[in-house]
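**Q** Have a look at the structure that comes next, please.
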Amino acid sequence: MTTPPLEPPVTPEHRVLEYVKRSIAGYPLVPVRTVETEIAGTTRSITLKLEGHSPWRSIKGRTALSLIRSVAGEITSPDTTVVESTSGNLGLALSAICHDLGLPFVAVVDHRQSPVIQHAIEANGGRLEWVATSADATTHLQDRIARVRSLVRDLPHAVWPNQYENDANWRIHETWTAPEIDAQAGERMQALFAAVSTGGTLAGLSRYFRRARPGVRVVAVDVEGSTVFGGTPGPRVLTGIGASRRSSFVHASHCDEVLAVEERRAVACCHTLREDTGISLGGSSGAVIAGCLDYLYRHPEIRNVVCLCPDLGDHYVPTVYHPSWLDRIGLPGEASRLRHRMGAACAGFRFGDAADSPHTPKEDSPR
Ligand SMILES: Cc1ncc(COP(=O)(O)O)c(C=O)c1O
């Protein structure tokens with residue numbers, strides 16, 4: 001009788017890598033939806049890439065898979081704690097992944113985080129580590145990063161994927177998100193708009209489109225008070241977009257233009273789009289649309305664009321879509337009165353005729 005060869009033991013690293021491979025293979029196609037608007041007398045077509053329609057409800061699901069894959073070698077035991085600083089969506093995705101893998105997870109957060117995301121992280125077994133900052137503090141991010149460093153030092157065995165400096169952040173958007181957008185809308189796309197926080201999404205998309213479609217204009221959308229591209233930090237209310245430090249990933253060569261949107265205009269775009277089409281988006285998507293409208297106003301030759309929308313409105317029911325929050329940020333009264341605040345002489349949106357074709361590319365070469 002011959003003895004079958006012994007299976008090599010499955011290491012924690014191997015489990016993580018297998019999990020990421022399967023998750024990418026099974027990730028559903030993220031849909032697009034095209035809306036139209038009249039700007040400066042011309043009909044413009046805006047294709048919304050709706051990243052909120054994905055397993056962990058935001059674009060950070062892709063980022064989280066890439067980050068966890070990049071630290072797989074440091075996950076040497078089942079009690080390795082994953083620690084990350086997050087304003088919400090990355091924490092939600094990492095908490096779900098760590099739950100599936102049976103790994104402890106700590107999300108370092110500040111007071112601006114949506115309570116919907118907080119509860120979801122806790123429901124996945126993640127622990128919230130709060131950094132106390134005053135309501136108008138401009139240093140949330142530095143405070144969170146300092147707390148991550150002290151946790152990683154003090155916990156017996158912890159790993160920090162570090163979304164702010166880990167190149168795995170932008171790489172996944174170059175190899176996966178960007179080709180997916182290209183397959184869905186690349187043929188007619190003249191410009192692409194994306195929000196910046198760490199800058200990972202934009203840096204990855206830009207690298208791909210600079211090479212694959214050099215004619216496409218890439219526009220970074222930030223918010224006033226953010227220092228992703230430098231400057232002096234100011235108070236901000238939206239989460240997910242903007243940061244109080246410079247991006248390690250985005251350079252001037254990645255973008256044709258950088259726009260800093262007023263946050264209240266972003267909120268006005270969220271409400272108007274929802275009223276006109278039923279599509280409810282998060283605040284950073286509203287900022288992307290506000291920046292896009294400005295750009296279209298100044299560029300009559302641009303007719304077809306893509307706006308990357310990082311998440312949906314469901315996470316922001318208690319904030320962006322709540323009357324008391326609107327009051328607090330200086331937008332009192334009826335949400336429907338916000339239309340005139342969108343700017344760029346845009347009166348509203350309707351669904352377009354573009355066939356929003358499905359297509360299912362997967363990341364080329366999972367590492
Ligand atoms: C709500 C939201 N907006 C914008 C972004 C873009 O952020 P980043 O520049 O970190 O890729 C993210 C994260 O992906 C996000 O979750």
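**Q** Please tell me if residue 146 is touching a residue at least 24 places away in the same chain (Cβ under 8 Å), more than 30 Å from residue 326 (Cβ to Cβ), more than 12 Å from the ligand (Cβ to nearest atom) and surrounded by fewer than 22 Cβ atoms within 10 Å (Cβ to Cβ).
**A** Here the answer is no, as residue 146 does not meet what is asked.
**Q** Here are 86, 80: which of them is within 16 Å of the ligand (Cβ to nearest atom) and at negative phi?
**A** Every option except 86 fails the conditions.
**Q** For residue 338, are the conditions met, namely being modelled with pLDDT of 95 or more and surrounded by 19 or more Cβ atoms within 10 Å (Cβ to Cβ)?
**A** In short, no.
**Q** Taking the criterion of being in a loop (DSSP other than H, G, I, E, B) and either within 10 Å of the ligand (Cβ to nearest atom) or assigned by TED's automatic domain parsing to the domain that holds residue 302 (or both), would at least one residue in the stretch 198-209 satisfy it?
**A** So far as the stretch 198-209 goes, yes, one or more of its residues are in a loop (DSSP other than H, G, I, E, B) and either within 10 Å of the ligand (Cβ to nearest atom) or assigned by TED's automatic domain parsing to the domain that holds residue 302 (or both).
**Q** I'd like to verify a number: residues in the stretch 210-222 that are surrounded by 24 or more Cβ atoms within 10 Å (Cβ to Cβ) and in a helix (DSSP H, G or I), how many?
**A** Going through the stretch 210-222 one residue at a time, the tally reaches 0.
**Q** Residues of the stretch 143-192 being of a type in the set (A, V, I, L, M, F, W, C), more than 20 Å from residue 229 (Cα to Cα) and assigned to a helix (DSSP H, G or I), which ones?
**A** 146, 148, 151, 152, 168, 172, 176, 178, 181, 183, 185
**Q** Among the residues in the stretch 311-327, are any in contact with a Pro (Cβ under 6 Å, 6 or more places away or on another chain) and assigned to a loop (DSSP other than H, G, I, E, B)?
**A** yes
**Q** While we're here: Would it be correct to say that residue 286 is outside any helix (DSSP H, G or I), within 12 Å of the ligand (Cβ to nearest atom), within 26 Å of residue 90 (Cα to Cα) and free of Cβ contacts under 8 Å to residues at least 60 places away in the same chain?
**A** So residue 286 does not fit the description; no.
**Q** Continuing with the same structure: Starting from the stretch 218-240, take each residue that is touching a residue at least 40 places away in the same chain (Cβ under 8 Å) and closer than 20 Å to residue 109 by Cα and list its partners that are away from the ligand (no atom under 12 Å from the Cβ) and polar (S, T, N, Q), counting only C-beta distances under 7 angstrom and pairs at least six apart or across chains.
**A** Pairs that qualify, where the first residue is touching a residue at least 40 places away in the same chain (Cβ under 8 Å) and closer than 20 Å to residue 109 by Cα and the partner is away from the ligand (no atom under 12 Å from the Cβ) and polar (S, T, N, Q), are 233/138; 233/227; 233/244; 234/138; 235/138.
**Q** List the strands (runs of 3 or more DSSP E) that sit entirely inside the stretch 19-135 and contain at least 2 residues that are closer than 23 Å to residue 158 by Cα and either assigned by TED's automatic domain parsing to the domain that holds residue 345 or not hydrophobic (A, V, I, L, M, F, W, C) (or both).
**A** Because the criterion is at least 2 residues that are closer than 23 Å to residue 158 by Cα and either assigned by TED's automatic domain parsing to the domain that holds residue 345 or not hydrophobic (A, V, I, L, M, F, W, C) (or both), the strands (runs of 3 or more DSSP E) in the stretch 19-135 that meet it are 81-85, 127-130.
**Q** Follow-up question, since we're still on this one. Could you identify the single residue in 200, 225, 204, 242 that is small (Gly, Ala, Ser), in contact with a Pro (Cβ under 8 Å, 6 or more places away or on another chain) and surrounded by 19 or more Cβ atoms within 10 Å (Cβ to Cβ)?
**A** Answer to the selection: 225.
**Q** Filter the stretch 99-115 down to residues that are among the hydrophobic types (A, V, I, L, M, F, W, C) and touching a Ser or Thr at 6+ places or on another chain (Cβ under 9 Å) and give me whichever is modelled with the lowest pLDDT.
**A** 109
**Q** Does residue 234 satisfy being modelled with pLDDT of 95 or more, surrounded by fewer than 18 Cβ atoms within 10 Å (Cβ to Cβ) and part of a loop (DSSP other than H, G, I, E, B)?
**A** Answer is no for this residue.
**Q** Against the definition (buried (at least 23 other Cβ atoms within 10 Å of the Cβ), touching a Phe, Trp or Tyr at 6+ places or on another chain (Cβ under 6 Å), of a type outside the set (Phe, Trp, Tyr) and at negative phi), how does residue 35 come out, yes or no?
**A** Criteria not met by residue 35.
**Q** Something else about it: Would you please list the contacts, defined by Cβ atoms under 8 Å and residues six or more apart or on different chains, that run from a residue in the stretch 85-109 that is among the acidic types (Asp, Glu) to a residue that is at pLDDT 95 or above?
**A** 100/19
**Q** Could I ask something else about it? Only residues that are away from the ligand (no atom under 16 Å from the Cβ), crowded, with 22+ Cβ neighbours inside 10 Å and polar (S, T, N, Q): list them for the stretch 245-283, please.
**A** 272
**Q** Something else about it: Out of (1) at pLDDT below 95; (2) polar (S, T, N, Q); (3) over 20 Å from the mean Cα position of the chain (by Cα), what's the single condition that is false for residue 244?
**A** Going through (1) at pLDDT below 95; (2) polar (S, T, N, Q); (3) over 20 Å from the mean Cα position of the chain (by Cα) one by one, residue 244 breaks only (3).
**Q** Scan (1) in contact with a His (Cβ under 6 Å, 6 or more places away or on another chain); (2) free of Cβ contacts under 8 Å to residues at least 60 places away in the same chain; (3) within 30 Å of residue 353 (Cα to Cα) for the single condition residue 31 breaks and write down its number.
**A** (2)
**Q** Something else about it: Please give the number of the condition residue 42 fails out of (1) away from the ligand (no atom under 16 Å from the Cβ); (2) of a type in the set (Ser, Thr, Tyr); (3) under 25 Å from residue 169 (Cβ atoms).
**A** (3)
The values are calculated or read from the model by the stated rules, or taken from the named source; none is laboratory data. Keep in mind it's a predicted model, so treat the numbers as computed, not measured. Methodologically, a virtual Cβ is constructed for each residue, glycine included, from the backbone with ideal geometry; neighbour enumeration extends over all protein chains shown.
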